[in-house]
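*Asks:* Pasting in a structure now, in structure tokens, and then I'll have a few things to ask.
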Amino acid sequence: PSLPAAALVVARYSYLSPGRPAAGDRAQALRLLAEGVAAQKAGRVAQALTHYQAAVRADPTCFEARFNEGLAAYETGSLRASLAAYEHALALEPESAEARYHFALALKRANHPLDAAEQLERLLQGHPNDARAHYSLATLYLHQLHLPSRARQHFQKTLELNPRHPEADRIRFWLAQNP
């Protein structure tokens, strides 16, 4: 999407654009992945991250290990590691709505709002009824990118898809105040 001339200057993300790696030891990766999931459920996120990274080393094609690595790295505040893990996950499964959504959240948190918006728009091309993506995109357009007209259309779609959205009252109020 092109921005108006008075748009804010924001840092763009430098994509890694990884290719598809060679397969490794899937059985070992799945064992390590299970250990990571158990650690994460027990609240040991740093330990979980270590297991996910080991699973990725065992089999770089293990999407679940890459995706969970992204989640755990995000949770520990390691945004660079989170972004890289999501990019690798998307190289393995480009149509994964979950990976694309969480990649966009990590981009937003890393202060790359234009890239986050692009990822959410891309997610919506394949999943036009993803209410959380519409809501996230609306808040990005409103608060970070200062494009209220684009925010409006995504807030409206959010309410259309989920009239009982947790922020429905606030969305309706904003829509009424910004016709």
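*Asks:* Can you tell me which residues in region 72-84 are open to solvent by less than 40 Å² (accessible area, probe 1.4 Å) and of a type outside the set (G, A, S)?
*Replies:* Passing the criteria: L79, L83.
*Asks:* Follow-up. Restricted to region 38-66, and to residues that are open to solvent by 50 Å² or more (accessible area, probe 1.4 Å) and closer than 18 Å to H88 by Cβ, which residue is farthest from the chain's Cα centre (by Cα)? Quick ask: steps written out before the conclusion?
*Replies:* As a first pass, look at region 38-66 and keep what is open to solvent by 50 Å² or more (accessible area, probe 1.4 Å): 38, 41-44, 46-47, 50, 53, 57, 64.
Subsequent filtering for residues that are closer than 18 Å to H88 by Cβ retains 50, 53, 57, 64.
Values: T50: 21, Q53: 19, R57: 23, E64: 15 Å.
It comes out as R57.
*Asks:* Does R170 satisfy the condition of being exposed (fewer than 14 other Cβ atoms within 10 Å of the Cβ) and basic (K, R)? Break it down stepwise before answering.
*Replies:* Details: exposed (fewer than 14 other Cβ atoms within 10 Å of the Cβ): yes; basic (K, R): yes.
Yes: the conditions hold for R170.
*Asks:* Another question, then. State yes or no: is Q119 of a type outside the set (D, E) and modelled with pLDDT under 95? Walk me through it before giving the result.
*Replies:* On the way: of a type outside the set (D, E): yes; modelled with pLDDT under 95: no.
In short, no.
*Asks:* Could you tell me which numbered condition S96 fails, if it satisfies all but one of (1) open to solvent by 50 Å² or more (accessible area, probe 1.4 Å); (2) closer than 28 Å to N111 by Cα; (3) in contact with a helix residue (DSSP H, G or I) (Cβ under 7 Å, 6 or more places away or on another chain); (4) of a type in the set (S, T, N, Q)?
*Replies:* (1) is the only condition that S96 fails.
*Asks:* Pull up region 1-37, narrow it to residues that are open to solvent by 90 Å² or more (accessible area, probe 1.4 Å), of a type outside the set (S, T, N, Q) and at pLDDT below 95, then point me to the one that is nearest to D115 (Cα to Cα).
*Replies:* Among those that are open to solvent by 90 Å² or more (accessible area, probe 1.4 Å), of a type outside the set (S, T, N, Q) and at pLDDT below 95, it is R12.
*Asks:* Output the number of the condition that L120 fails; it satisfies all remaining conditions of (1) outside any loop (DSSP other than H, G, I, E, B); (2) open to solvent by 10 Å² or more (accessible area, probe 1.4 Å).
*Replies:* That leaves (2) as the condition not met.
*Asks:* Further question on the same structure: Of all the residues that make up region 138-163, how many are more than 15 Å from W174 (Cα to Cα), hydrophobic (A, V, I, L, M, F, W, C) and either free of Cβ contacts under 8 Å to residues at least 60 places away in the same chain or open to solvent by 50 Å² or more (accessible area, probe 1.4 Å) (or both)?
*Replies:* So the answer is 1.
*Asks:* So E69 passes all but one of these: (1) under 21 Å from L124 (Cα atoms); (2) buried (at least 23 other Cβ atoms within 10 Å of the Cβ); (3) among the acidic types (D, E). Which condition number does it fail?
*Replies:* All conditions are met except number (1).
*Asks:* Report, by residue number, each residue of region 123-137 that is open to solvent by 70 Å² or more (accessible area, probe 1.4 Å), assigned to a helix (DSSP H, G or I) and either of a type in the set (D, E, K, R) or touching a helix residue (DSSP H, G or I) at 6+ places or on another chain (Cβ under 7 Å) (or both).
*Replies:* Answer for region 123-137, where residues must be open to solvent by 70 Å² or more (accessible area, probe 1.4 Å), assigned to a helix (DSSP H, G or I) and either of a type in the set (D, E, K, R) or touching a helix residue (DSSP H, G or I) at 6+ places or on another chain (Cβ under 7 Å) (or both): just R132.
The values are calculated or read from the model by the stated rules, or taken from the named source; none is laboratory data. Since the model is a prediction, treat every value here as computed from it, not as a measurement. So basically every Cβ, Gly included, is an ideal-geometry build from the backbone, and we count neighbours across all protein chains shown. Heavy atoms of the whole protein, side chains included, go into the accessibility calculation; ligands, DNA and RNA do not. Shrake-Rupley method; radii C 1.70, N 1.55, O 1.52, S 1.80 Å.
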